[in-house]
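In what follows, a structure is listed as structure tokens, so that the remarks can point back to it.
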């Protein structure tokens, strides 16, 4: 892995960079961000209390990011978290940077007192499945479901 890589906590000044990375990730993933999603990314950079974002850089170039969200679960004994986004630019893939960023996510989760960390992965992404399994993640046998409560802004 590249010794020049560093991971920085994103702040308000990083909003545009974080948004550009998030747009790239979500477009590649087949789920482009709408106006509400873009506003949510900017809110995380601005200090949304239930989420943290970090940017992976080599030199001055932003090449990836991580968004970790915070929650609470009776089943999991208190604080839990969700890796909402984990993205690497194509140029970094296959070089250990994903493993490095995921390890960083696990360290931050422990630092934040998170008991269990969840993530969602596309069924058609075997490379990501392998990465997450190697890091100790396991399928739960459950299906992630959702229902929107409030209309999305934008």
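Only the coordinates and a few stated rules stand behind these numbers; no lab work does. Computed from a predicted structure; not experimentally measured. Positions of Cβ are backbone-derived with ideal geometry, glycine not excepted, and every protein chain shown enters the neighbour counts.
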In the Gaussian network model of the chain, springs joining C-alpha atoms below 10 Å, which of 122, 107, 48 carries the largest mean-square fluctuation? 122
Report, for the chain, the % of DSSP beta bridges that are antiparallel, rounded to 5. 85 percent
In a Gaussian network model of the chain with springs linking alpha carbons closer than 10 Å, the residue among 94, 64, 81 that fluctuates most is 94
What order do you get for 111, 127 when you list them from fewest to most C-beta neighbours inside 10 Å? 111, 127
Relative to the present Cα-Cα distance, how much length would full extension add between residue 4 and residue 135 at 0.36 nm per residue of separation? 44.9 nm
With only alpha-carbon atoms counted, please give the Rg and Dmax of the chain, in Å. 15.3, 44
Can you give me the C-alpha center-to-center distance between segment 70-97 and segment 105-136, rounded to a whole angstrom? 5 Å
Stretched out fully, how many nm does the piece from residue 122 to residue 73 gain, at 0.36 nm a residue minus the Cα gap? 15.3 nm
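Listing 42, 92, 68 from the residue with the fewest other Cβ atoms within 10 Å to the one with the most, what is the order? Let's see the in-between values first.
Working: 42 17, 92 20, 68 24.
Lowest count first: 42, 92, 68.
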In what order do 83, 7, 149, 67 fall by count of nearby beta-carbon atoms within 10 Å, going from fewest to most? 149, 7, 83, 67
Top of 57, 23, 142 by mean-square fluctuation, Gaussian network on the chain, Cα under 10 Å: 142
Nearest-0.05 FRET efficiency for residue 35 and residue 93 at R0 = 30 Å, using Cβ-Cβ distance, is 0.55
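Hey, what number do you get for the chain at 222 nm if only DSSP H runs of n ≥ 4 count, each worth -39500 (n - 2.57), divided across all residues, to the nearest 500?
Calculated at 222 nm, the ellipticity per residue is -10000 deg cm²/dmol.
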